[in-house]
1. Looking only at helices (runs of 4 or more DSSP H) that fall completely inside segment 1-57, which ones have 3 or more residues that are modelled with pLDDT of 90 or more and in contact with a helix residue (DSSP H, G or I) (Cβ under 8 Å, 6 or more places away or on another chain)?
2. Filter segment 75-93 for residues that are assigned to a helix (DSSP H, G or I) and within 11 Å of the chain's Cα centre (by Cα) and give the result.
3. With respect to L62, determine if the residue is surrounded by 15 or more Cβ atoms within 10 Å (Cβ to Cβ) and either of a type in the set (S, T, N, Q) or within 28 Å of G202 (Cβ to Cβ) (or both).
4. Residue under question is L142, and the condition is that it be touching a Lys or Arg at 6+ places or on another chain (Cβ under 7 Å), part of a helix (DSSP H, G or I) and at pLDDT below 95; does it hold?
5. Looking at segment 151-166, which of the residues that are in contact (Cβ under 8 Å) with a residue 40 or more places away in the chain and outside any loop (DSSP other than H, G, I, E, B) is surrounded by the fewest Cβ atoms within 10 Å (Cβ to Cβ)?
6. Any idea which of R140, R129 is buried (at least 21 other Cβ atoms within 10 Å of the Cβ) and touching a helix residue (DSSP H, G or I) at 6+ places or on another chain (Cβ under 8 Å)?
7. What is the one condition in (1) in a strand (DSSP E or B); (2) touching a His at 6+ places or on another chain (Cβ under 9 Å) that G137 does not satisfy?
8. Would it be correct to say that V172 is in the same structural domain as A135 (by TED's automatic domain parsing) and outside any loop (DSSP other than H, G, I, E, B)?
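The values are calculated or read from the model by the stated rules, or taken from the named source; none is laboratory data. Here the structure is a predicted model, which is why all the values come from computation and not from measurement. So basically every Cβ, Gly included, is an ideal-geometry build from the backbone, and we count neighbours across all protein chains shown.
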Amino acid sequence: MTSSTLTTSADVMQFFKLLADETRLAIVRLLTLTDLRAGELVDQLHQPQNAVSYHLKQLRSLGILRDRRSTEDARDVYYSVDLERLRVLYATVGDALHPGIAAQPQATEDAPPTLDRPLRILFLCTHNRARSQLAEGIARYLGGGQVDLYSAGDLPTEVHPLTLEMLQELGVDTSRHYAKHMDDFIGQHFDYVITTCDYVRGNCPTFPGDPYRIHWSFDDPSAVDGGVEEQRAAFRRARRELMIRIRYLLAASHIPTRSA
């Protein structure tokens, strides 16, 4: 079963059954914004470890969840929602209920969101050379003038050439992209502080105004061994995943006010 295929009535029934459970629905809602470890899900759901593990297994059986070992501590596993898979499931379920539901026109993928006020978002990773820089540029590309975007790292070096290449392919002006230290932003107010690196998540400073903290557990494309084409492929995968997550983030109709 792939992220783009859902064809049988059994699949539809399984989707209904899985998300009819309050705990599984809560897990999906938690993971649509931020990646979490099993222990963090246990704490937030107030459920025993074995119960949470059971529900995670059920959701993985439908391809909704993904898991990735932390680069900070290989004993930890981060769980995330496959948003595109979830979208396909949701659309197919709608079609099963009434064909006209799925046939309704949708906004174009790259249309900027309609927001009451600009969102201030800070993306963080260790070196501020790949993941956080890509996220900043992609969010600017998708958000138009309705977002104020920044990125930084706790050990900044320099922006990777392939980061700039990936953004330039989208038509993003990369002249403003340079590595910055996250301490430069302490004291500033943000709506979201998003960590894209497992290491920096545990070293994230406190910001005023209680911004919503999100973690996206990504492989570092700049750490891929091999030739230029292998590295370029890794950067394209990171860009695609970030575009999916950021598009859904910007489509949210409200700004959370409590930290995760």
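1. Output list reads 22-31, 38-45.
2. The one that is assigned to a helix (DSSP H, G or I) and within 11 Å of the chain's Cα centre (by Cα): L83.
3. No: the conditions fail for L62.
4. yes
5. The qualifying residue surrounded by the fewest Cβ atoms within 10 Å (Cβ to Cβ) is E165.
6. When all the criteria are applied, what remains is R129.
7. So G137 meets the others, but not (1).
8. Against the criterion (in the same structural domain as A135 (by TED's automatic domain parsing) and outside any loop (DSSP other than H, G, I, E, B)), V172 does not qualify.
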